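The structure appears below as C-alpha cells.
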C-alpha cells in the first residue's frame, strides 16, 4: 500500500474551488479535476476526453445524470485508468468508472468552470447511476450506447434507445475504489490558504496562477505522516452518515454570545442526515436563514457600518460580488467560533477569523468579498465550506469509527516552517 502522497492543487480553474491534475487513459491525457467532498462522481467533460486516443477504455452499460447546486450533466460511463501525481510519486487506479459528462447546450453556469471535470470524494451512496439491462444489450453494443448517451438530451436518448428504463444503482467512487484495491489508506486531507482566487493588479488568470496563496495541497493516504503541515492537537468531528461528510453543528459564537444552530426537521432526516456538512466543493459558508439572521445580528452589533458593507451580500449568487477594499477594516470585525459535536460527544471549537469570511482581492484586485450567505428555501443544514476548511489542516478520515471523522489541526504555513528551521539551525 502506498503510504502517502501530497499533490499540488490550485483554485484558479474553478472560481475558488480547488482542482488537482490527473492523467487519464492509455495516453495519459492531462486533466484538472475539481475536488468535491459534497459529491461522489468522477466525471470528465466530454470535450476534454478523447476516447479515440484511449486504448485502455472499456465501454459499459451504465449512465449517470448528476445535478449540482450550479449546473447539471448527463452521459455514459466508461472504465479506464486514472493516475494522480507524477511518475515515481503517484497512485494509479486501473479500469475505474469515469462518467463522460455532457452539459445542456449553452449552460448558464458550466458545471466545471475552467476545469476539465470533477472528482467527488464523498461516499458511494451518492454516486448514483443507471444500469441498462438485457433488452438494451440485445439491441446495442456498449459503444453504441455510449454514442447515443452523448446525444443532445435525455429525452432524445430514450426515444433513440426504444428500450425499458434503466435500473437505478450506485457505483464505487474513485477514492473508495482506491482503498478497496489497497492502493491507499481511506484518508485524505487539505492544506489550503483561501476560499477565493487572490487576484493581482491585472486581474489576469496567468498572474493569479503565479500567486502562492492560490495553491494548496491535497494529501492522499496518511495525512498524519506530513508533520510539517500541521501541529497538534487534532479536533475530531464525528461523521454521522456515509453519504456526505455529515456532522452536527451545535452553535456559532460571536463575542462570547452563542447562537444555537437549528436542528434538522424529522421530515428532512432521511435525505439530509444532519444539520451540517463539511464540503470542499463550496466556496462559502451557507447558513439556514434563521441562523444567518441571528449571526448577522451579532456582527451588526460589533461593526457600526456592517449594514452598508454587507448590502451586496444579502442573497447568494453564483457570481462572486465585491466591495472596494478601502472601505473594509478587518480589525473591526469579530472572530466567529463554530461549535461542533466531537468524536466522543464533546464540544470542539473551530475559529473563523474575519480574514477568512472576508476575502481580499476578490473577486477583483482591490476588492473584498464576503463569504457567508443565507440558504433560503433550504433545510436546516449548514454548509461548512472552504472559508472554514482553509483555516485548518483538514483531514477526512473515513476509516475511524462507524462513519469516520473530520479532523481539524492547526495549519503550519511555509513561513512558520522556515522560522522553525532557522531556530533549529541556530542551536
**Asked** Counting other C-beta atoms within 10 Å, which of 92, 283 has the fewest, and how do the rest follow?
**Response** 92, 283
**Asked** What are the extents of the Cα atoms of region 87-146 along their three principal axes, listed from largest to smallest and rounded to whole Å?
**Response** 43, 37, 25
**Prompt:** Looking only at 136, 206, 280, which one moves most when the chain is put into a Gaussian network model with springs between Cα atoms under 10 Å?
**Reply:** 206
**Request:** Give me the distance in nm between label points sitting 7 Å out from Cα along the Cα-to-Cβ direction at residue 128 and residue 326, one decimal.
**Result:** 5.0
**Item:** Tilt relative to the chain, helix 289-302 - C-alpha long axis, 0 to 90 degrees, to 10
**Value:** 30
**Asked** When the chain is fully extended, how far beyond the present Cα-Cα distance does residue 355 get from residue 267, taking 0.36 nm per residue of separation?
**Response** 28.0 nm
**Complete:** Cβ density ranking, 10 Å radius, fewest first, applied to 351, 83, 212 yields 212, 351, 83
**Complete:** So for R0 = 60 Å, FRET eff. of residue 413-residue 135 from the Cβ-Cβ r, to 0.05, ends up at 0.55
**Prompt:** Between region 369-386 and region 75-135, how many Å separate their Cα centres?
**Reply:** 26
**Request:** Report the residue, chosen from 385, 88, 345, that carries the largest GNM mean-square fluctuation when the chain is represented by alpha-carbon nodes joined by springs under 10 Å.
**Result:** 88
**Asked** In which sequence would 137, 371 go, from the one with the fewest C-beta neighbours within 10 Å to the one with the most?
**Response** 137, 371
**Relative contact order for the chain, counting Cα pairs under 8 Å that sit 6 or more residues apart, in percent** = 18
**Asked** Against the longest alpha carbon principal axis of the chain, how many degrees, from 0 to 90 and to the nearest 10, is the axis of helix 414-426 turned?
**Response** 70
**Fill in**
Which of [x] 69, 56, 49; [y] 63, 50, 43; [z] 61, 59, 43 gives Cα extents along the principal axes in Å as computed here? It is [x]
**Request:** Take the Cβ-Cβ distance between residue 315 and residue 169 as r, set R0 to 41 Å, and report the resulting FRET efficiency rounded to the nearest 0.05.
**Result:** 0.65
**Request:** Calculate for the chain the 222 nm mean residue ellipticity that helices alone would give, adding -39,500 (n - 2.57) per DSSP H run of length 4 or more and normalising by residue count, nearest 500 deg cm²/dmol.
**Result:** -4500 deg cm²/dmol
**Prompt:** Of 71, 286, 120, which is the most mobile in a GNM of the chain whose springs link Cα atoms less than 10 angstrom apart?
**Reply:** 71
**Complete:** Per the rule of 0.36 nm per residue minus the C-alpha distance, extending residue 378 to residue 186 adds in nm 66.0 nm
**Asked** Any idea how far apart residue 89 and residue 202 come out in nm if each label point goes 7 Å out from Cα toward Cβ?
**Response** 2.9
**Asked** Extension gain residue 26-residue 47, at 0.36 nm per residue separation less the Cα-Cα distance, in nm?
**Response** 5.8 nm
**Item:** residue 55-residue 213 pseudo-label distance in nm [points 7 Å out on the Cα-to-Cβ vector]
**Value:** 4.8
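The numbers here are math on the coordinates, done by the rules we state, and not lab data. Only a predicted model underlies this, so the values are computations on that prediction, with no experimental measurement involved. Neighbour counts run over all protein chains shown; Cβ positions are idealised from the backbone, glycine included.
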